[in-house]
Amino acid sequence: MSYAIRAEGLVKKFGDTTALGGVDLEVPAGKVVGVLGPNGAGKTTAVRILATLLRPDAGHATVGGYDVVKDPVRVRGMIGLTGQYASVDEDLSGLENLMLIGRLLDLSRQNARARANELLEQFELTDAATRSVKTYSGGMRRRIDLAASLVGRPHVLYLDEPTTGLDPHARNEVWGVVRRLVAEGSTVLLTTQYLEEADQLADRITVFDHGLVVADGRSDELKRRVGGQTLQVRPTLIADLDAVERILAELTGFEPARDNDTGLLTVPTSDPLLLSTLVRKLDDAGITADELALRLPSLDEVFLALTGNPSPEGSLV
């Protein structure tokens with residue numbers, strides 16, 4: 001397998017604080033790796049090292065085969081970085097912003113304009129090309145910011161909480177852009193405060209905690225590692241709750257958790273055939289259900305189990 005990013009034993013200290021305590025990280029070429037972790041876990045520090053903005057105290061890392069310490073100029077020529085906040089000039093138009101970045105990257109005026117127009121079309125911003133960025137919606141601002149990071153045609157893109165503060169519609173717009181970039185061959189390292197975002201976009205997820213990697217794998221692998229499946233049943237008639245509770249206890253050997261307000265019963269299970277068995281039991285008892293589902297733990301539950309931290313919006317950096 002070809003890796004766009006490889007880091008081994010990264011250590012970074014700030015005074016008495018250890019931000020990274022020996023981090024290993026691998027990002028396959030053409031894939032999205034999501035990095036999750038609570039405040040102070042070391043995610044941003046790792047990204048800054050990989051972007052050549054910080055030097056590690058120990059360990060080493062390569063991007064596209066180039067060492068981030070020995071060949072920082074080559075690394076910078078391969079990467080694009082989009083942070084939490086828009087880095088474009090709001091008083092300039094979208095076209096002017098992209099052309100300015102192109103000129104700073106030593107493109108001729110003609111080539112800078114051509115690249116700007118190409119990106120405006122790709123990000124569906126052509127109609128707003130000559131408007132000042134301060135008139136853009138939140139989703140449009142994030143798209144122009146992403147476009148700005150792609151002017152130099154980077155092979156690797158670092159996205160640091162790219163949808164922070166966006167409404168669900170604008171967030172979906174940005175997700176669509178990221179999916180298109182990956183489909184075209186880009187490699188993405190994504191840090192996010194939204195666990196749903198990592199679930200939706202990331203091929204693999206790496207969880208940081210206290211400067212260390214505490215878990216790594218596909219979303220479904222992490223969910224299975226934390227625990228088995230959960231069976232949820234909501235009988236149509238509230239009067240059937242007791243009967244369904246007894247059936248679940250007999251089938252699983254566990255006392256189901258019961259929510260009398262919603263009428264929902266939940267019980268852990270590791271038996272993939274339990275659902276079909278339960279359906280037969282309910283049918284024999286003449287009981288119907290409005291909800292009947294077998295699910296893995298959510299990524300939020302995985303995060304809590306791995307780090308001991310809840311994951312409300314805004315808590316991850």
Next item on the list: Evaluate the relative contact order of the chain (contact order divided by residue number), counting alpha-carbon pairs under 8 angstrom at least 6 apart; express in whole percent.
Entry: 21 percent
Item checked: Amide hydrogen neighbours beyond the local backbone of residue 4, cut-off 5 Å, H modeled -> 27, 29
Next item on the list: Heads up, I need the accessible area for residue 93: 1.4 angstrom probe, whole protein in place, Å², nearest 10.
Entry: 10 Å²
Next item on the list: Select from 157, 34, 235 the residue farthest towards the positive end of the dipole of the chain; place +1 on Cβ of Lys and Arg, -1 on Cβ of Asp and Glu, and compute about the Cα centre.
Entry: 157
Margin query: Tell me the angle of helix 168-183 to the major Cα principal axis of the chain, expressed in degrees between 0 and 90 and rounded to the nearest ten.
Written below: 70 degrees
Checklist line | Among (1) 22.0; (2) 20.1; (3) 19.2, the entry that matches Kirkwood radius over Cα pairs in Å as calculated here | finding: (1)
Next item on the list: Counting helices only, and only those DSSP H runs with n ≥ 4, report the 222 nm mean residue ellipticity of the chain as the sum of -39,500 (n - 2.57) divided by its residues, in deg cm²/dmol to the nearest 500.
Entry: -10500 deg cm²/dmol
Checklist line | All lysines inside 16 Å of residue 12 as judged from Cα atoms, apart from same-chain residues fewer than 8 positions distant | finding: 43
Item checked: Helix 138-149 vs. the chain, principal-axis angle (Cα, 0 to 90°, nearest 10) -> 50 degrees
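The values are calculated or read from the model by the stated rules, or taken from the named source; none is laboratory data. Quick caveat: nothing in here was measured; it's all calculated off a predicted structure. Note that we place each Cβ from the backbone using ideal geometry, even for glycine, and neighbour counts take in every protein chain shown. Just so you know, the surface numbers come from the protein's heavy atoms only, side chains and all, with ligands and any DNA or RNA stripped out. Shrake-Rupley method; radii C 1.70, N 1.55, O 1.52, S 1.80 Å.
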